[in-house]
Amino acid sequence: MNFGLLQPWLLLGAIAVAVPIWLHLRRKEEPNLVRFSALRFLDDSPQARSRPLHLRDLVLLALRLSALLLVAAAFAWPYRREPERAIVRESRVYILDNTLSQQANGGFGRDRTRILDELDRLGAEIQVAAIELTALPRVAVGFGDDREVARQRLRDLTPSHQRGSYLAAFRQAHNLLANSLGQQRRIVFYGDHQANQWTEEVNSPPFLERVRLDVAPPPATNAPTLALAEPQLQRVFLGDKAVVHFTAKLTHSGGVTRGQITLRANDQLILNRPVDLAGQPETIVLQAQWEVDPGLWLRGEAGIEGAPDALARDNRVFFVLPPVRVGRVALLARSPYLRLALSPEVMRGYWATRAIEPAQLGEELGRTTDEDVLVVESNYLQSHEARQLVGRYLEQGRGVFLLLDRVAPAIHGALRELGFALPAAPDPTPPAPARLQYFFSNHPVFHPFSSPDYGSLLEVEVRPTSRLDALEGMPLLFSESGDGLFFQGTKFPGRLFVAAFGLDREQTSWPTHLTFIPFLDLCLQNLRPEDATPLEFEPGATAVLSLPAEPPVREVVLRDGTQELRRHPVDQGQAQIRLPDRPGWYALTYDTGIVPERFVAVNPSPKESQLTYLTAPDALRLWQIERPNAAAPAPAALPARLSLAAIWQQRLWWWLLVAGLGALAIETLWTSLRRHSV
Amino acid sequence: MIASPHLTSSVLERFDPRVLAALEGLELKARYVMEGFLAGLHASPFHGFSVEFSDYRDYQPGDDLRHLDWRLFARTDRLHVKRYLQETNVRFYLVCDTSASMAYRGTRAWGTKLEVARILAAALAWFLLRQHDAAGLVAWSGSRAAPHYVRPSQQPAQLGLVLGQLEALRPAGGPCLARLLDQTARLVHRRSVILFFSDLLEPAEDVALGFKQLRFYGHECLIFQVLDRDELEFPFGEAQVFEDLESGLRRAVTPAVAREGYLARFGQFMAHHQELFRSLEMPASVVRTDENPWEALAMFLAQRKRRP
């Protein structure tokens with residue numbers, strides 16, 4: 001049995017023993033002493049003073065010292081601990097997977113119960129810690145925690161919707177073990193062995209050294225699942241009405257044959273219909289369109305219900321879409337179709353167009369503020385001022401829509417500066433008229449046209465001005481012969497679209513086609529500089545919001561409906577917010593205001609919906625450093641720990657305090673008796 | 001001019017040690033002692049010590065016109081120049097003993113011996129500087145490697161310098177009078193008047209050489225021997241332990257038994273010193289710390305009066 005001190009620094013109080021020692025050693029005034037100046041006349045040889053410093057009243061001194069030492073020791077709060085608990089034979093770290101996929105079939109609760117059962121069986125010679133695997137793996141139980149505390153902390157964990165990294169959890173467990181005392185080191189992994197977790201981090205360099213790995217067996221079979229993910233929304237302007245185009249990926253596996261889809265937006269039921277999944281691919285893109293007020297935030301959710309489904313938490317996705325903000329367009333083009341399409345009669349409420357007169361390009365260059373997007377025909381690029389204006393828009397992060405309506409020698413250089421090239425020699429046979437045949441359906445401009453509801457792009461016919469090659473850009477639209485007809489430049493901070501044709505009647509039939517106004521609106525929306533802050537996050541993610549400079553904002557408040565969840569301080573126009581664990585859409589308000597300034601959606605990672613498992617992951621083997629001859633560390637002594645409650649139950653400090661006070665009482669009595677006797 | 005600076009008994013009673021103790025600063029205390037003393041004299045001793053108008057002589061071309069007496073010119077229609085007495089050339093040194101025995105203060109004393117010596121020295125410095133005499137200071141604190149030394153001067157600021165040094169004196173160390181005399185002889189080159197303030201509690205033979213050396217150089221010495229009543233009379237009653245202030249030696253003494261021997265040895269000691277000073281023609285007076293110091297000042301003035 002040995003002793004420990006709960007407050008060892010209070011032993012510094014023992015320094016006070018110097019006080020009684022000094023009191024005893026100091027020179028007391030002698031009552032009959034006369035300091036005299038003429039001592040030499042009293043005797044010829046006065047005796048030399050011999051008064052060495054010596055301790056008087058040794059009993060009194062001992063009592064005073066004892067009292068002080070006992071009181072100081074009592075305040076340091078000593079306690080007993082058992083020496084047999086001081087040897088650590090094994091340090092063990094449990095990794096408890098608390099990602100969304102682990103919630104399938106109650107995996108998290110089951111594994112937590114296993115760990116709790118093991119904790120009950122483990123002896124004191126095994127040091128235990130536990131890591132909760134979430135978006136940011138964290139130490140739920142430390143090596144120093146009492147077993148009862150560890151159990152309580154594990155019971156307090158709640159199932160999460162987050163996606164975490166197996167690799168990060170194993171690294172954290174290894175770091176914990178690096179500072180442990182056990183002769184053996186072990187990591188015990190309780191997770192669902194999701195296949196995409198093991199495979200995506202298999203290339204990490206090995207880092208586990210002299211650590212034994214125990215992994216709980218994965219589920220016997222892949223679990224059936226039904227999930228919705230990756231919601232995408234786009235406002236599509238059809239000229240006379242505004243609709244929102246919604247897509248989401250529906251994933252099903254494991255024999256789900258039928259589901260019920262619901263779609264709600266702004267408290268309104270948009271869709272509620274069954275869907276037949278039998279024989280369908282595992283991933284289906286759901287599409288929907290409905291008319292919306294462009295001036296309002298759009299927020300809603302889509303859900304799928306069906307059976308069998310091992311993981312119901314991924315059956316809903318949430319989405320938000322900001323209201324339309326009127327954009328500003330500078331137009332340097334003579335195409336009557338383009339001028340008409342961008343006129344206030346057509347684009348009111350969406351785009352405000354300002355036509356630039358070619359004769360006033362010099363004044364345009366002198367303007368201090370630019371519009372959001374510049375629409376320009378290549379004919380004007382023969383002018384040096386126009387080329388300067390295009391370069392300025394792109395350098396400043398704004399958008400440029402260039403229509404190649406004419407090819408002249410001066411335009412070759414201008415296009416090359418923009419990252420495109422025309423044939424060196426004039427083409428003796430100009431390109432023949434061609435229909436649009438292929439388009440990049442994942443691109444935001446063309447994504448809605450994958451639905452026939454907005455018209456078919458394949459009906460549009462164009463006559464390219466010239467063949468155009470992208471040196472620094474990518475084609476988005478192709479002719480029947482595979483020639484690029486519409487490109488996106490990648491050379492500049494600002495976005496650049498280049499059409500290989502003009503919008504005159506001789507060059508294309510597009511302006512009279514149903515798809516032209518939505519296409520033009522989508523192009524301008526995509527060219528416009530946007531707020532870089534995303535609107536969708538994963539559960540538990542951390543995001544940095546950029547806030548407007550005026551009016552100044554001190555705090556950003558995250559709200560779930562009217563309930564305030566968290567407040568985040570704003571520093572230099574930015575706030576770092578932590579999103580909740582529960583999927584949904586949340587409002588952000590500023591300071592004391594209650595009117596939402598913006599909304600964000602929180603959706604689980606689609607990877608967590610892939611309930612396929614690996615039985616023998618290669619990563620576990622590859623992460624380990626093989627050193628067969630490495631000597632095991634000697635067992636270390638663990639500073640035996642007791643719970644605070646157990647320490648309080650021990651009365652050592654109390655007896656020390658009583659003894660100290662007793663010594664003081666005896667000292668007082670002793671002094672009093674001595675005075676009376678004198 | 002005064003015939004003799006004697007003080008009446010009524011004047012002596014005006015000295016109040018409590019008033020002296022209540023005064024702040026050495027200058028006030030010095031002025032209290034000296035002005036009280038001067039007020040009790042029958043006539044002012046100032047005459048003859050300072051710059052004084054003497055007589056007239058006829059104006060000679062080249063004389064400073066500032067010294068013309070224009071009033072006399074108006075009355076007599078003749079030009080006369082005022083003539084003055086020369087200032088005195090006497091230089092005074094105040095030499096103060098600061099050995100640890102000077103810290104003694106008896107039960108009836110109004111100050112320690114060093115305090116009394118300091119006030120006397122300050123009073124005389126104030127007085128001398130008012131007379132336009134040059135006054136300086138030599139002292140030696142036991143803990144210092146070099147003596148306190150203030151060169152004699154007639155400047156008005158000299159009083160502050162002397163008082164400052166006197167204030168800084170602290171009693172410490174063993175016997176130092178012989179060393180102090182030696183240092184004084186080294187520092188004082190011109191013939192001067194040296195005023196000693198000490199208890200002289202050192203063997204006469206030890207200090208005799210120093211006094212003889214000063215006398216040999218032609219200096220005029222006045223001795224103010226500051227002693228306490230306890231030293232002179234040894235009035236202690238009960239058996240006590242005595243500790244020497246300078247050496248720290250202790251001795252258990254029964255005063256009733258030791259008094260007779262003490263007084264005999266002390267009387268012998270005083271007789272040796274008186275013989276020494278008489279042989280060297282050095283006026284000496286005993287200043288008791290429980291009595292009025294004006295008697296000692298009267299001795300000083302009487303001595304100065306006898307000077308040509």
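The values are calculated or read from the model by the stated rules, or taken from the named source; none is laboratory data. The model shown is predicted, which means the values in this text are computed figures rather than measured ones. Note that we place each Cβ from the backbone using ideal geometry, even for glycine, and neighbour counts take in every protein chain shown. Protein only, heavy atoms only, side chains kept; ligands, DNA and RNA dropped before computing areas. Shrake-Rupley method; radii C 1.70, N 1.55, O 1.52, S 1.80 Å.
Amide H to amide H under 5 Å from A:L476: which residues, 5+ apart in sequence or cross-chain, H placed 1.01 Å off N in plane?
It is A:L485, A:F486, A:F487, A:Q488, by chain and number.
Please check segment B:257-277 for residues whose accessible area, probe 1.4 Å, is lower by 30 Å² or more when all protein chains are in place than in their chain alone.
Checking the loss per residue gives B:Y262, B:R265.
Long-range amide H contacts for B:R91: which residues qualify at under 5 Å (H placed 1.01 Å from N, peptide plane, sequence gap of 5 or more or a different chain)?
B:V193
Compute log10 of I(q)/I(0) for the protein assembly as shown with the Debye formula, placing one identical point scatterer on every Cα and leaving out solvent, at q = 0.04, 0.07, 0.10 Å⁻¹, to two decimals.
Log10 I(q)/I(0), no solvent term: -0.58, -0.79, -1.25.
Modelled label-to-label distance, A:L514 and A:E282, 7 Å Cα→beta-carbon offset: nm?
3.6
Which angle from 0 to 90°, rounded to the nearest 10, does the C-alpha axis of helix A:107-121 make with the longest principal axis of chain A?
Computed tilt is about 20 degrees.
Helix A:147-156: angle to the longest alpha-carbon principal axis of chain A, degrees 0 to 90, nearest 10?
20
For the B and A pair, go ahead and give the buried accessible area with a 1.4 Å probe, both sides summed, in Å² to 100.
Details: alone 16100 and 34680 Å², together 48440 Å².
Accessible area lost upon association: around 2300 Å².
Can you compute the modelled spin-label distance between A:T262 and B:Y217, with each label point 7 Å from Cα toward Cβ, in nm?
12.1
Calculate one ³J(HN,Hα) per residue across segment A:229-239 by plugging θ = phi - 60° into the Karplus curve 6.51 cos²θ - 1.76 cosθ + 1.60, and present them in order as whole Hz with x for glycine and proline.
7, 6, x, 10, 10, 9, 7, 10, 9, 9, x
Under a point spin-label approximation (7 Å from Cα along Cα-to-Cβ), what is the B:S153-A:N179 distance to one decimal in nm?
With each label point 7 Å from Cα toward Cβ, the separation is 7.3 nm.
With a sphere of radius 12 Å drawn around the Cβ of A:V324, what net charge do the other residues whose Cβ falls strictly inside it have (Lys, Arg +1; Asp, Glu -1)? Working shown, then result.
On the way: positive: A:R235, A:R325, A:R348, A:R528; negative: A:D293, A:D521.
Result for the neighbourhood of A:V324: +2.
Fully extended, how many nm does the chain gain between A:V595 and A:L269 (0.36 nm per residue separation, minus their Cα-Cα distance)? Don't jump to the answer; show the numbers that get you there.
On the way: separation 326, 0.36 × 326 = 117.36 nm, distance 2.41 nm.
Length gained, A:V595 through A:L269: 115.0 nm.
In what sequence, largest accessible area first, do B:K82, B:K212 appear using a 1.4 Å probe?
Numbers: B:K82 75, B:K212 105 Å².
The ranking, largest first, comes out as B:K212, B:K82.
Beta carbons within 10 angstrom, averaged per residue: use that to sort the peptides A:378-384, A:118-124, A:329-335, highest first. Walk me through the numbers on the way to the answer.
Values: A:378-384: 19.4, A:118-124: 12.4, A:329-335: 21.0.
Highest to lowest by the protection proxy: A:329-335, A:378-384, A:118-124.
Give a residue-ordered list of calculated ³J(HN,Hα) values for segment A:658-669 (Karplus: 6.51 cos²θ - 1.76 cosθ + 1.60, θ = phi - 60°; whole Hz; x for Gly, Pro).
Values per residue, Gly and Pro as x: 4, 5, x, 5, x, 4, 5, 5, 5, 4, 4, 4 Hz.
Take each of the peptides A:8-16, A:267-275, average the number of other beta-carbon atoms within 10 Å over its residues, and list them starting from the highest. Display every interim value, and only then the final one.
Details: A:8-16: 13.3, A:267-275: 11.6.
Going by the mean number of other Cβ atoms within 10 Å, highest first, we get A:8-16, A:267-275.
So if I restrict to the alpha-carbon atoms in segment B:204-251, what is the Rg, and what is Dmax, the biggest pairwise distance, in Å?
Using the Cα atoms of segment B:204-251, the pair Rg, Dmax is 16.6, 49 Å.
How well do other chains shield peptide A:454-463, expressed as the mean number of their Cβ atoms within 10 Å of each residue Cβ? Provide the component values of the computation, followed by the final result.
Working: counts 0, 0, 0, 0, 0, 0, 0, 0, 0, 0.
Neighbouring Cβ atoms belonging to other protein chains average 0 per residue here.
Which value in Å is the Kirkwood Rh of segment A:271-358 over different Cα pairs? Mind showing how you got there, number by number?
Values: mean 1/r = 0.0572 Å⁻¹.
Evaluated over segment A:271-358, this radius sits at 17.5 Å.
Out of all DSSP beta bridges in the protein assembly as shown, what portion is antiparallel? Express it as a percent rounded to 5. List each step's numbers first, then the result.
On the way: 104 of 172 bridges.
Taking every DSSP beta bridge within the protein assembly as shown, about 60 percent pair in antiparallel fashion.
Could you rank the peptides A:342-350, A:246-254 by their average count of other C-beta atoms within 10 Å per residue, with the highest value first? Could the numbers behind the result be given before it?
On the way: A:342-350: 15.4, A:246-254: 20.9.
Descending mean neighbour count gives A:246-254, A:342-350.
Around A:W351, which amide H atoms from residues at least 5 apart in sequence, or from another chain, sit under 5 Å from its own amide H, with H modelled in the peptide plane?
A:G327
Once the Cα atoms of helix A:166-178 and of chain A are each reduced to a long axis, what angle between those two axes, in degrees from 0 to 90 to the nearest 10, is obtained?
Tilt relative to chain A: about 20 degrees.
How big is Rg to Rh over segment A:338-412, alpha-carbon atoms, Rh as the Kirkwood inverse-mean-distance radius? Intermediate values should be presented prior to the final figure.
Working: Rg = 12.8 Å, Rh = 13.2 Å.
Ratio of gyration radius to Kirkwood radius: 0.96.
Tell me, what HN-Hα J-couplings in whole Hz come from the Karplus equation 6.51 cos²θ - 1.76 cosθ + 1.60 at θ = phi - 60° for each residue of segment B:133-139, using x for Gly and Pro?
8, 8, 10, x, 9, 10, 8
If the convex hull of the alpha-carbon atoms of segment A:225-321 is projected onto planes in all directions, what is the mean projected area in square nanometres?
Values: hull surface 24.5 nm².
Here the figure is 6.1 nm², rounded to one decimal.
Using only atoms on other chains, find how many Cβ atoms lie within 10 Å of each Cβ of peptide B:239-249 and report the average.
6
Across all directions of projection, what mean area in square nanometres is found for the Cα convex hull of segment A:536-602? Spell out each step's value before the answer.
Working: hull surface 15.7 nm².
Convex hull of Cα atoms, orientation-averaged projection: 3.9 nm².
Give me the dipole magnitude in Debye, nearest 20, for segment A:225-321 about the Cα centre, with unit charges on the beta carbon: positive for Lys and Arg, negative for Asp and Glu.
On the way: 9 positive and 11 negative charges, 9 e Å.
The calculation lands at about 40 debye.
Mind checking the per residue accessible area of segment A:399-492 for me, 1.4 Å probe, whole number of Å²?
Values: 4310 Å² over 94 residues.
With the other protein chains kept in place, segment A:399-492 gives 46 Å² per residue.
Counting only heavy atoms of protein chains, what accessible area per residue, in Å², does segment A:238-363 have with a probe of 1.4 Å? Numbers along the way, then the final one.
Numbers: 6260 Å² over 126 residues.
Computed with neighbouring chains in place, this is 50 Å² per residue.
Kindly state, to the nearest 0.05, the FRET efficiency for B:E295 paired with B:R186, given R0 = 22 Å and r defined as their beta-carbon distance. Show your work: numbers first, answer last.
On the way: r = 32 Å, r/R0 = 1.46.
So, using R0 = 22 Å, E works out to roughly 0.10.
I need the calculated FRET efficiency for the pair B:E238 and B:Q268, taking r as the beta carbon distance and R₀ as 35 Å, to the nearest 0.05.
Between B:E238 and B:Q268 the formula returns 0.85.
If you take the square roots of the eigenvalues of the alpha-carbon gyration tensor of segment A:284-323 and sort them as a ≥ b ≥ c, do you get rounded (a/c under 1.5), prolate (a/b over b/c) or oblate?
Working: a/c = 4.05, a/b = 2.32, b/c = 1.74.
Verdict is prolate for segment A:284-323.
R0 = 51 Å: FRET efficiency of A:Q437 with A:S204, Cβ-based, nearest 0.05? All intermediate terms of the calculation are to be shown ahead of the outcome.
On the way: r = 44 Å, r/R0 = 0.86.
My answer for the efficiency is 0.70.
Treating the beta-carbon of each Lys and Arg as +1 and of each Asp and Glu as -1, no other charges, what is the dipole magnitude of the protein assembly as shown about its Cα centre, to the nearest 20 debye? Mind showing how you got there, number by number?
On the way: 108 positive and 111 negative charges, 790 e Å.
Its charge dipole is roughly 3800 debye.
Per residue of B:222-234, what is the mean number of Cβ atoms on other protein chains within 10 angstrom of that residue's Cβ?
Working: counts 0, 0, 0, 0, 0, 2, 3, 0, 4, 4, 1, 0, 4.
Mean number of neighbouring Cβ atoms from other chains: 1.
Helix-derived [θ] at 222 nm for chain A: sum -39500 (n - 2.57) over DSSP H runs of at least 4, divide by residue count, nearest 500?
Numbers: 15 runs with 157 residues, N = 678.
Calculated mean residue ellipticity at 222 nm is -7000 deg cm²/dmol.
When the accessible area of the protein assembly as shown is computed with all protein chains present and a 1.4 Å probe, what percentage of it is carbon and sulfur? Walk me through the numbers before you get to the answer.
Details: 25490 of 48440 Å².
That fraction is 53 percent.
Could you tally the net charge around A:A178, taking each other residue with its Cβ under 13 Å from the Cβ of A:A178, Lys/Arg +1 and Asp/Glu -1?
So the surrounding residues net to +2.
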